[in-house]
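The block underneath contains the structure these notes are about, expressed in structure tokens.
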Amino acid sequence: MLIYVYTKRIFSKSFFKMKKLVIIVCSVFVAINLQGQPVPSPEENIPWLVTFGKKAGTTWGDNDFSQIWFFVVPESYKGQVFIRVFDPDVGGANDELNGVFDSRMQYSVYGGKDAFSHPDAQEVRPKKNFKTGTLLITKTFGVDPNYDNKWYSFGPFAPTQGELNPEYGGYIFKVICEGVDGDDGNMYRYFMSTSGTENIPIEGGNAFTHEYTFRMHDNPNQVSHIYPYVHPESTKIRTENFDWDDDGSIRVTSEVRREQAINVSGDNTWATTDFAVMEGEKGKSLDFQFVKRKNPAVKNNNVVITVRNQKGDLLKFYSSPIGGVPKYKYGIEVQKKPK
Ligand SMILES: [Ca+2]
Ligand SMILES: [Ca+2]
Ligand SMILES: [Ca+2]
Ligand SMILES: [Ca+2]
């Protein structure tokens with residue numbers, strides 16, 4: 001089974017401890033295996049990725065005017081790889097206007113040595129220079145009716161142009177979207193495809209980021225999710241969110257944790273929350289749920305979130321959550337309560 005192979009590869013060092021996880025993955029989540037490559041994914045229910053032009057005020061909801069995603073191609077795949085972007089331009093449909101549309105978005109695809117494994121690539125701007133690895137292709141979009149509300153395809157790439165990292169599931173490509181000019185908000189999505197003309201997932205592929213900047217739904221009944229993977233060595237979590245604009249609540253759920261609210265940020269501010277990892281959460285994904293305020297509804301809300309462990313390492317938000325979407329299990333809440 002493909003996801004079995006993929007999961008086994010990621011956790012090869014501790015595979016026997018992970019038998020239970022593999023069984024859960026195989027029995028419940030085969031159906032979503034092919035959903036790992038739309039970014040955001042259906043499980044996340046996030047309408048758009050967001051990157052603003054660097055001249056925008058951070059009050060619009062983007063702290064650093066850039067976003068990094070990593071796409072993972074399993075070693076078993078030998079075909080072509082395309083990284084597709086929906087609505088890459090900044091203008092026309094979908095995008096957030098600030099005065100006139102005058103922004104430019106630069107998309108860059110990196111592979112080769114250090115694209116992912118360099119420590120700077122796994123940090124957030126402005127702390128580090130994350131443009132490590134080999135630049136494979138770059139293209140800048142402004143207002144562009146040719147690609148407004150349409151797909152643009154980067155590639156084809158050979159899988160081996162990515163950086164091989166078996167611990168993280170195969171060949172890894174890094175895609176950076178940077179708001180190199182202007183002050184408007186770019187809404188976009190990605191899809192890693194076998195085709196340059198349509199969205200066909202690569203079996204066993206996945207994608208992750210360390211800092212997620214996204215647009216919330218306007219509909220107050222829609223709940224968005226991200227799924228940070230908790231490495232088994234993690235004992236404590238520090239999560240930060242930016243510019244939540246006093247929308248509703250952000251809460252954390254796992255098999256053993258039920259809707260624990262975390263601190264939320266106001267306009268142009270950060271909020272920080274620390275909590276302890278529970279035994280039943282190690283080697284699995286958490287479910288961060290973003291629940292909107294009902295009345296009055298907050299519109300066009302852009303938000304940034306990061307999660308770190310006790311060592312300061314950023315947790316990875318996989319679009320296809322490792323171990324599947326965690327569901328709270330009544331009756332197994334045991335051991336330590338969160339502090
Ligand atoms: Ca704001
Ligand atoms: Ca557009
Ligand atoms: Ca756009
Ligand atoms: Ca906001």
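The values are calculated or read from the model by the stated rules, or taken from the named source; none is laboratory data. These figures come from a predicted structure and were not determined experimentally. Positions of Cβ are backbone-derived with ideal geometry, glycine not excepted, and every protein chain shown enters the neighbour counts. SASA here: full protein model, heavy atoms, side chains in, ligands and nucleic acids out. Shrake-Rupley method; radii C 1.70, N 1.55, O 1.52, S 1.80 Å.
Of all residue pairs spaced 6 or more apart or on separate chains, those with beta-carbon atoms under 7 Å, a first member in segment 93-105 that is in contact (Cβ under 8 Å) with a residue 60 or more places away in the chain and a second member that is surrounded by 16 or more Cβ atoms within 10 Å (Cβ to Cβ) and polar (S, T, N, Q) are D95/N186; S103/N186; M105/T51; M105/N186. Residues that are within 25 Å of G169 (Cα to Cα) and aliphatic (A, V, I, L, M) are absent from segment 239-253. Among residues of segment 126-149 that are more than 14 Å from D89 (Cα to Cα), those with a Cβ under 7 angstrom from a residue that is of a type in the set (K, R), sequence gap 6+ or separate chain, pair up as G133/K113; G133/K174.
Summed over segment 69-94, the residues that are surrounded by fewer than 21 Cβ atoms within 10 Å (Cβ to Cβ) and either within 18 Å of the chain's Cα centre (by Cα) or aromatic (F, W, Y) (or both) give a count of 2.
Given the criterion in contact with a helix residue (DSSP H, G or I) (Cβ under 6 Å, 6 or more places away or on another chain) and either surrounded by fewer than 19 Cβ atoms within 10 Å (Cβ to Cβ) or in contact (Cβ under 8 Å) with a residue 40 or more places away in the chain (or both), identify the matching residue among G155, G204, G182, G162.
On the way: G155 fails: in contact with a helix residue (DSSP H, G or I) (Cβ under 6 Å, 6 or more places away or on another chain); G182 fails: in contact with a helix residue (DSSP H, G or I) (Cβ under 6 Å, 6 or more places away or on another chain); G162 fails: in contact with a helix residue (DSSP H, G or I) (Cβ under 6 Å, 6 or more places away or on another chain).
Sole residue among the options that is in contact with a helix residue (DSSP H, G or I) (Cβ under 6 Å, 6 or more places away or on another chain) and either surrounded by fewer than 19 Cβ atoms within 10 Å (Cβ to Cβ) or in contact (Cβ under 8 Å) with a residue 40 or more places away in the chain (or both): G204.
Remark: pairs (first residue in segment 66-92, over 17 Å from F154 (Cβ atoms) and at pLDDT 95 or above; second residue aliphatic (A, V, I, L, M) and within 16 Å of ligand 2 (Cβ to nearest atom); Cβ separation under 8 Å; 6+ apart in sequence or on different chains) = V90/M105; V90/V143; G91/V143; G92/V143.
Of all residues in segment 70-98, those being assigned to a loop (DSSP other than H, G, I, E, B) and within 16 Å of ligand 1 (Cβ to nearest atom) number 2.
Inside segment 185-201, can you point out the residues that are open to solvent by 10 Å² or more (accessible area, probe 1.4 Å) and closer than 18 Å to V304 by Cβ? Full working, then the answer.
Step one: list which residues in segment 185-201 are open to solvent by 10 Å² or more (accessible area, probe 1.4 Å), which gives 189, 191, 194-201.
Hit for segment 185-201 is R189, nothing else.
The condition of being within 16 Å of ligand 2 (Cβ to nearest atom) and more than 23 Å from S41 (Cα to Cα) holds for only one of V90, V143, that being V143. Output the number of residues of segment 268-281 satisfying the condition of being in contact with a strand residue (DSSP E or B) (Cβ under 6 Å, 6 or more places away or on another chain) and surrounded by fewer than 19 Cβ atoms within 10 Å (Cβ to Cβ). The number of residues fulfilling the criteria is 7. Before we move on, is S224 away from ligand 1 (no atom under 16 Å from the Cβ) and either over 25 Å from G248 (Cα atoms) or of a type in the set (D, E, K, R) (or both)? No, not satisfied. Taking segment 276-294 as the range and being farther than 16 Å from K329 by Cα and in a loop (DSSP other than H, G, I, E, B) as the test, the residues that pass are V277, G283, K292, R293, K294.
Which ones in segment 233-275 are in contact with a Ser or Thr (Cβ under 7 Å, 6 or more places away or on another chain) and assigned to a strand (DSSP E or B)?
Keep residues of segment 233-275 that are in contact with a Ser or Thr (Cβ under 7 Å, 6 or more places away or on another chain), which gives 238-244, 259, 261-264, 267-268, 271, 273.
Hits for segment 233-275 are R238, T239, E240, N241, F242, A261, I262, A271, T273.
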